[in-house]
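One structure is given here, and the rest of the page talks about it.
The values are calculated or read from the model by the stated rules, or taken from the named source; none is laboratory data. Every value quoted in this text rests on a predicted model; they were computed, and no experiment measured them. Positions of Cβ are backbone-derived with ideal geometry, glycine not excepted, and every protein chain shown enters the neighbour counts. With ligands, DNA and RNA removed, areas are computed over all heavy atoms of the protein, side chains included. Shrake-Rupley method; radii C 1.70, N 1.55, O 1.52, S 1.80 Å.
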Amino acid sequence: MTSKCQRYKKRVSLNMGETEQRPTAGSRLGAQENAGISTLEHGQKPPMTPPGKLVSIKIQMLDDTQETFDVPQRAPGKVLHDAVCNHLNLVEGDYFGLEFPDHKKMMVWLDLLKPVMKQIRRPKHVVVKFVVKFFPPDHAQLQEELTRYLFALQVKQDLAQGRLTCNDTSTALLISHIVQSEIGDFDETIDREHLAKNKYIPQQEALEDKIMEFHRNHMGQTPAESDFQLLEIARRLEMYGIRLHPAKDREGTKINLAVANTGILVFQGHTKINAFNWAKVRKLSFKRKRFLIKLRPDVNSSFQDTLEFLMASRDFCKSFWKICVEHHAFFRLFEEPKPKPKPVLFSRGSSFRFSGRTQKQVLDYVKEGGHKKVQFERKHSKIHSIRSLTAQPSEQHSEVPKQSSSFAFGDDNDAAVVQSCRQGKELKASTEDTGQRRSPSLKKSPKESRKVDGAVVSTVEEEEEATKDRMQNRPQSQQPSTAGSLTGSPHLSELSINSQGGPSVANMSLSPNLSPDAKQSSPLISPLLNDPSCIRTDDEEEVKRKRFPTEKAYFIAKEVATTERTYLKDLEVITSWFQSAVSKEDCMPEILKNLIFSNFEPLHKFHTGFLKEIEQRLALWEGRSNAHIKGDYQRIGDVMLKNIQSMKQLTVHLWKHNEVLMELENGIKNSRKLETFCRDFELQKVCYLPLNTFLLRPLHRLMHYKQIMERLCKHYPPNHIDFRDSRAALAEISEMVAQLHGNMIKMENFQKLHELKKDLIGIDNLVIPGREFIRLGSLSKLSGKGLQQRMFFLFNDILLYTSRGLTASNQFKVHGHLPLYGMTIEESEEEWGVAHCLTLRGQHQSIIVAASTRAEMNKWTEDIQMAIDLAEKSSGPAPELLASSPPDNNPLSVSDCTSLPAGLISDQRPVSISYVCWYRMQSLSFYDILQSHENQLSGNLLRKFKNSNGWQKLWVVFTNFCMFFYKSHQDNHPLASLPLLGYSLTIPSESENIHKDYVFKLHFKSHVYYFRAESEYTFERWMEVIRSATSSASRTRALSHKESHAY
């Protein structure tokens, strides 16, 4: 009796919170026992556990281990499900369910609302299986490595049981990734021994050579990568996640029914013969053994209004109906459905409803990052894969695949800033970072990542205390590390251990996306941006402010100087850096060299002198010179007038920029060597924007001059001493802009088409005469798999829709195109039951799309309608655009599945604005891009540290919808950057305790940054330009406000 009591006390008690002492599955996985219940929202308490006698339930995990959980007899199924998820520290537990045989030996799912004992009648004789219940359409939606690992185990189990059927090639490819995750890189002897001991499928011997052939190609893949690739292949298979339920149709033909994320499927054997998408299904019901599907009326469909299937028994029928209800709710609803009110007299029909979080709620919860990362160990793998990576010599593998990365643009960690400290082909992390914990996670898939040689990423949010600790602990002889911290980024690039035992960055990628756990640590810990010497005290700031003039005209003049510094640096990218690189490589024809540099060198020389004059005038204005009379120098109009008049002599060079841009693109098109050279140059840290953008900078600068002079003339009264010169300068620059404006619009469109050409695959002739870019952005397309994110590109004659392709360069893969000639557009929210939904009806094809917000839908509606009108006025339909139009559901091909290399990617270039729009679910019009050239700004800002009152002085350049951060204006390349699309711009409230003037706040989800300007004028200017980047306009509405930009 005593020993029996002791055994009883060692078990898990859900009532008292005791923890058993024996090893558990969670401890073997390295889990912390009390990490919280996974299916709860923030602030929610665990469900009340009814008191009473405990009952032991045996649970079989996906790694084939068995664990015992003690639950009260009256506890609902949710208590047991949450206990298992808590035991494994599984955050995304809602994708999983508990399956068991009922008293009729039929496998059923545990109902989370009913008491466990009313469902499992004889718990001593029943083993409950913890398995995957809901298979999402894209495994990139699984944001935890542990979740993907468990999904991979489910695929492995389905292969062994014959549930996941596919051809021999796909089977061998799947097994090769399983083998890679379990034993590592290929070794023929070890492979043969391993395959002899482990049978993944029946009759495996016939495929062993093919398995090893595929395994040979996976060199360097981590277990996390292998899981990802395994799921990428599996999700394309017709039987992935399918459980067949025998039935008969009305004619008595034997068929199988199944339910998936897209709807209800009909199989004959293992071949799918029909599918009913959720959008087409109006009602599901059952009556005795008959399963009924009521469809929405469709004139184009040959199906009857109600379909009827006969199943083996009422219990079989009801069980399948429940599964359908749960799948529909999980994948289609935004939140858990509310319970039906109890009937007063009698009930009619089943009261069953879905219980738990929907997929959208799960994704939102993980994005908010309220969970804690813990380590876990793979049972079958000889390679350790851990959640929380500590950079110590003993650890050889990072959690995330190599293709996963470090640039955080996406939904949650978008606070991230790219720290571009690329030091050649390899960067060594400072030993000061050794032992610090980093918490990487994979929000998006490795296929969605973009690698950059040696790129290091960090964010502009850091705790001052962490900075001071590192500065104090750093040896005096040690140089500051430019590697920065990767903790704030969604993906952590793999760290390899160098010969000295310290971590070195093996590879990096720019993946504009987001980590659910990125806010767990202090983002920016680069000493370059956190030097204590940069921290400004209030006394220092007050003294500096009193020393300089305070009138608005002075700050307008200062804006001319600060932006001129940036403009001169941009010119030097061409005249110095690019010219130097070209001279070392024999890749560019002499004619092209002369054309480029003969037109840019005179501009650089002129603006060098111009900047010197402006700075001298500011020195006189500020009283920093020996001048006795300051009154004559407290103006800028005369300097601007003199130099703008001189600038008119350089117009001949500005007119040739069109020729420069076109000849360079032609040279790249005709010379592979020149193409490679330009692509490699764009990877240099000084080239922080696409190369063509620097070629257009002189024209952008003219528009900025005009804007500044308009502001100055508006500020001055007519009797001011500087008003006449300022007005004359405005007239001169306005004349130049008017002459060059049409040419600039054409060049900007030409440049944008070529930029998009690099972003897209599957296109033969995107750049053709007469084609104009109008808008790009992310929309959801309704297809057979439900709503799927697609990237849309709208031109004046055609609409493209794409997705992120599984390629080394992570370009957008074109899925299809719709000519605008003859197209109609209509709102269809009520028809399809999807918010912000539009139906685009072409002459040969129709698609249904949904925007993220009503405002986004309105922008797309106006621009598409305008583009349709333009197409109707043209001569006829657009020419054929695509070399091939791959359908949405591509058949599995080995080349597709193995095209993502494990090593460094050489095909790299600056991150396109398209990727920002994709991950932030935003859109941009051509008008927005034109406006961004006027809304450029440079100057010093103070950035507040996260947990202290300290402020750090940074030189900030705002351009191309992004803030670039430098330590000073003399630096040649930015230390970090922050794309602003999707961010909100506000002024801090009283509760935030920012008791300073001229402070503005940038925030995206949980990420918040405070910046402080030096004056009211500069504060207003920063607010103005940043606001232009955080909002987008439709072309129609924008042009109605500013007709001068019509094109």
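Numbers at a glance
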item: Residue ID - nearest to Leu756 (Cα to Cα), chosen from residues in segment 809-822 that are open to solvent by 10 Å² or more (accessible area, probe 1.4 Å) and either over 27 Å from the mean Cα position of the chain (by Cα) or without any contact (Cβ under 8 Å) to a residue 60 or more places away in the chain (or both); result: Gln811
item: Residues that are outside any helix (DSSP H, G or I) and either open to solvent by less than 20 Å² (accessible area, probe 1.4 Å) or at pLDDT 90 or above (or both), drawn from segment 200-214; result: Tyr200, Ile201
item: Those residues of segment 243-256 which are under 36 Å from the mean Cα position of the chain (by Cα) and within 18 Å of Leu310 (Cβ to Cβ), in sequence order; result: Leu244
item: Number of the exception - Ser319 against (1) more than 28 Å from Thr165 (Cβ to Cβ); (2) touching a residue at least 40 places away in the same chain (Cβ under 8 Å); result: (1)
item: Segment 618-633, residues that are modelled with pLDDT of 85 or more and more than 46 Å from the chain's Cα centre (by Cα); result: Leu620, Trp621
item: Residues within segment 227-248 that are surrounded by 19 or more Cβ atoms within 10 Å (Cβ to Cβ) and more than 16 Å from Gln157 (Cα to Cα), tallied; result: 5
item: Close pairs (6 angstrom Cβ cut-off, 6 or more residues apart or separate chains): open to solvent by 40 Å² or more (accessible area, probe 1.4 Å) in segment 764-778, modelled with pLDDT under 90 and in a strand (DSSP E or B) anywhere; result: none
item: Members of segment 632-664 that are surrounded by 19 or more Cβ atoms within 10 Å (Cβ to Cβ) and over 15 Å from Glu732 (Cβ atoms); result: Tyr633, Arg635, His657, Val660, Leu661, Leu664
item: Some residue of segment 834-845 being modelled with pLDDT under 90 and at positive phi; result: yes
item: Search result, residues across segment 80-105 that are open to solvent by 10 Å² or more (accessible area, probe 1.4 Å) and hydrophobic (A, V, I, L, M, F, W, C); result: Ala83, Leu88, Val91
item: Pairs with Cβ under 6 Å, 6+ apart, first in segment 100-114 and part of a loop (DSSP other than H, G, I, E, B), second among the hydroxyl-bearing types (Ser, Thr, Tyr) and surrounded by 14 or more Cβ atoms within 10 Å (Cβ to Cβ); result: Leu112/Ser355; Leu113/Ser355
item: Condition check for Pro76: open to solvent by 10 Å² or more (accessible area, probe 1.4 Å) and within 17 Å of Arg357 (Cβ to Cβ); result: yes
item: Count of residues meeting criterion [without any contact (Cβ under 8 Å) to a residue 60 or more places away in the chain and aromatic (Phe, Trp, Tyr)] in segment 199-242; result: 1
item: Condition met for Leu295 (at pLDDT 90 or above, aliphatic (A, V, I, L, M) and either closer than 27 Å to Ser828 by Cβ or open to solvent by less than 30 Å² (accessible area, probe 1.4 Å) (or both)); result: no
item: Residue within segment 275-288 that is without any contact (Cβ under 8 Å) to a residue 12 or more places away in the chain and either surrounded by 19 or more Cβ atoms within 10 Å (Cβ to Cβ) or out of contact with any Phe, Trp or Tyr (no Cβ under 9 Å at 6 or more places or on another chain) (or both) present; result: yes
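This table checks each residue for (1) open to solvent by less than 30 Å² (accessible area, probe 1.4 Å); (2) of a type in the set (A, V, I, L, M); (3) not in a helix (DSSP H, G or I).
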site: Ala553; (1), (2), (3): yes, yes, no
site: Glu572; (1), (2), (3): no, no, no
site: Ser576; (1), (2), (3): no, no, no
site: Val582; (1), (2), (3): yes, yes, no
site: Leu592; (1), (2), (3): yes, yes, no
site: Phe597; (1), (2), (3): yes, no, no
site: Phe600; (1), (2), (3): yes, no, no
site: Leu603; (1), (2), (3): yes, yes, no
